[in-house]
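Input: a single structure, listed below in structure tokens.
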Amino acid sequence: MAFKYPLLLLLQVFLVMLQPAAATQKVVSRDMDVTRINELPMIYAHDAGTGMMDDGDPLTSTEDYFVALAAKTQVGDLVDLAKCGARTFDIRPYVQSDGLVVTHHGTAVVKDVSIESELKKLKDWNAAHPEELIILFGSNCHGDSCSGSCCWQKYNAILDKLGISLVGASSLIKPVTDAYGTTNKHITVNEAKQISGVGVPFAVYTNTFENNWVESEGNCYKFTTISEYMDFDDMILDYLPAEETATSSPYPFPLAPIRDVAKEVLDTVGSVPVGTSCYTYPGMQERRAEQVAKWDEMVLDPTSKSWYDTTPFYKADGHWQYSVESMVLMFMHASSIQYDSKRSGQNKFIADLIKRGGAPDGLNLVGLDFVCEDGQDVYEAINQVLIEPENIVDVFKQYMDGAAEGLKNGELKYTVPAGLIGLLIVFILYCCYKRNPCSENSTLRHEWSKSFTSFDSFAEEKRKKELELLKIEEKEEKKHKHKHKHKH
């Protein structure tokens, strides 16, 4: 971490030492010539293209309605997601029978919404916000009669037409030689901005990141004892046409059969509770405890992983996961991926986790569903807690935010004394600054004075007023002496 001014560094060290342990985080430099791409925390919009999917009408378009329930993870187009805080986008191309390239989530296709036009709008937004780094992560390229390499060729042609560079890991991690030898180094954020040009996104494939956790965890729903005597996998297969059981199917959860199984289960067990959810008691409490444990695993020191030096990015998913069984329960609860996220307050929960010290080793990609539901809270938490303060005011704000989280978590005995001692230290530092024995032209004096510009301005103004008063007093004294001499 590199601070601009020594005083900010000293102040940050003291405040971090005094903060409650629960609020301690790894903070990255605001200098993007220093921060590397695998260090910068960024929101990853899971299945970003589904935000443009038609919700369907349950009265007139039942099939589309159920598809949207099970496959739609976002609301709004790519620009909307960017405005809500997303900086990295999960793009899954799909080639329609008419040759138009759109997006999909498995067999749920975002029909007739051109991926080219949507990426063009995102590129225009990035041009208006050149300070932002936008990355497209392509995966699962499929189509009606054009999958695999055929699909990728069409998607890559669109990127090339828009001037969006497609790069691999070798462009993001480069060997660096110094006095200690040659090591692999991830490129910096500012170097990444130059890949396509400042203000232009660049694209990669999803094999450029690692999920820093076990994907089988984190389901919103869990079955109770009913699952012991009902084999849902076999029930799904009973409803599947033979041609849909082929392993080449791009989507592991065939939606209509899952809906039919949900109906059968309801018909079989009636009103008997068969599962718990992430937004109702007691399941909510159980899921929350599981989520904290899962999050702790996700953010556990990534530098200790074997892939860290050879993989450009790593990801911690903050959204719920779904198996066939949990999707059956989702239909039975008349819910959806969006409603699960909203009802459980999942994104708000991730923001609170970050604020109260839930990223001791830092973060990189943070996967979210429904980014425009409290995703802005996650974005603000990242910028307030995980990126270094820009000035002395932000240092105090970052410290007080951490102290507030300490108070919320019952750490009053640590937080109050820490705050008082912190203020005392600042007072001492200021006194030392004012009595600094170094010459006015010294580098140290110059650097310190930058951090106290407002104090210097106040002191200079005070000195000017004192000089003006002194001159007035001298004039009055001269007048008095002149009158006294004239009388004699």
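Miscellaneous remarks
- Total charge dipole magnitude, segment 148-218, about the Cα centre, Cβ charges on Lys, Arg, Asp, Glu only, Debye to nearest 20: 340 debye
- Amide H contacts for K111 (H built 1.01 Å from N in the peptide plane; partners 5 or more residues away or on another chain; cut-off under 5 Å): D54.
- Sequence-ordered 3J(HN,Hα) estimates for segment 312-320 from the Karplus curve with 6.51, -1.76 and 1.60 and θ = phi - 60° stand at x, 9, 9, 10, 10, 7, x, 9, 5 Hz, glycine and proline given as x.
- Solvent-accessible area per residue, Å², over segment 254-363 with all protein chains present [probe radius 1.4 Å]: 38 Å²
- Net charge over other residues, Cβ less than 10 angstrom from the Cβ of W320 (K, R count +1; D, E count -1): -2
- Calculated diffusion of segment 68-223, Stokes-Einstein form, Kirkwood radius summed over Cα pairs, 37 °C and 0.692 mPa s, µm²/s: 190 µm²/s
- Shown here: segment 277-325, whose C-alpha atoms stretch 42, 22, 13 Å along the first, second and third principal axes, sorted largest to smallest.
- Stokes-Einstein D in µm²/s, Kirkwood radius over Cα pairs - segment 136-181 at 20 °C with 1.002 mPa s viscosity: 164 µm²/s
- For segment 106-191, lysine pairs separated by 8 or more sequence positions, or belonging to different chains, with Cα-Cα distances below 15 Å total 4.
- Across all Cα atoms of segment 57-136, the radius of gyration (one decimal) and Dmax (whole number) stand at 14.2, 46 Å.
- Heavy atoms of K154: accessible area, 1.4 Å probe, square angstrom to 10: 80 Å²
- By a 1.4 Å probe calculation restricted to protein chains, H333 has an accessible surface near 70 Å², given to the nearest 10.
The values are calculated or read from the model by the stated rules, or taken from the named source; none is laboratory data. All values derive from a computational prediction rather than experimental measurement. Positions of Cβ are backbone-derived with ideal geometry, glycine not excepted, and every protein chain shown enters the neighbour counts. For the accessible areas, the whole protein counts, side chains as well, though only heavy atoms, and no ligand, DNA or RNA atoms are used. Shrake-Rupley method; radii C 1.70, N 1.55, O 1.52, S 1.80 Å.
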